[in-house]
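Coordinate-derived values only; no laboratory data. Since we're looking at a predicted model, the values are computed, not measured. Every residue, glycine among them, receives a Cβ derived from its backbone with ideal geometry; neighbour counts consider all protein chains shown.
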Amino acid sequence: MRLHFHIPNRLLIASLLVCSWNLASPLANAQTFAEPLPRHPVYQGRPIPNQLRPQSAPVQRPSQAPPYALRFDGRYAEVPITFPRPILQAVYAANTLQGKPYRMGGGHSRLYDSAYDCSGSISYILFHSGLLRSPLTSKEFANYGLPGPGRFITIYVKPGDHVFLTICGLRLDTTGGREAEGPRWRPKPRSTAGFITRHPPGL
């Protein structure tokens with residue numbers, strides 16, 4: 001016996017549009033990001049907290065993020081809701097790190113740590129954006145993603161020494177403030193001499 005299901009034309013058209021967007025998306029074609037995150041022994045596949053989940057999906061994809069496209073109030077950053085979902089999640093994740101102190105090795109033995117070092121904080125942000133499976137060291141970040149600056153996210157790496165990132169031009173870094181100060185949004189520019197740049201594919 002055959003079962004016949006009637007799908008309203010409007011639902012069928014909407015489904016086709018969603019599928020075509022996914023196929024055209026650079027993230028859908030990047031195997032690293034398309035696959036679900038496995039249960040890593042450090043991060044344990046823990047779900048993203050509700051405060052890191054954007055409530056609205058982006059409705060347009062800018063070809064290039066303008067410099068300092070984020071709004072910054074001196075402590076937290078805000079991203080336009082029209083930006084790609086990984087960027088929304090990256091900014092919200094970075095906001096949750098504000099106020100955390102610095103500790104060498106912090107963020108590597110467990111995801112939700114009491115303190116973070118440079119690579120631990122960057123790993124935390126990228127993990128919550130669906131752009132990283134497990135924490136990396138500053139040396140390992142030298143081979144992350146693709147070389148050069150990104151449209152939205154640029155990671156600055158001095159292998160074995162330091163790593164920080166910018167999102168739409170706003171820097172998230174563990175250096176540039178008081179001694180032992182942890183990850184913070186830092187609007188003031190810093191020297192990038194000796195750093196190489198990497199970025200997530202499509203971003």
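Residues 161, 173, arranged from fewest to most other Cβ atoms within 10 angstrom of their Cβ, appear as 161, 173. Among 91, 163, the ranking by other beta carbons within 10 Å of each residue's beta carbon, starting with the fewest, stands as 91, 163.
Treating each Cα of segment 162-203 as an identical point scatterer and summing with the Debye formula, the log10 of I(q)/I(0) at q = 0.22, 0.23, 0.31 Å⁻¹ comes to -0.80, -0.86, -1.28.
Around residue 106, under 10 Å between beta carbons, what's the net of Lys plus Arg minus Asp minus Glu among the other residues?
With Lys, Arg at +1 and Asp, Glu at -1, the neighbours total +1.
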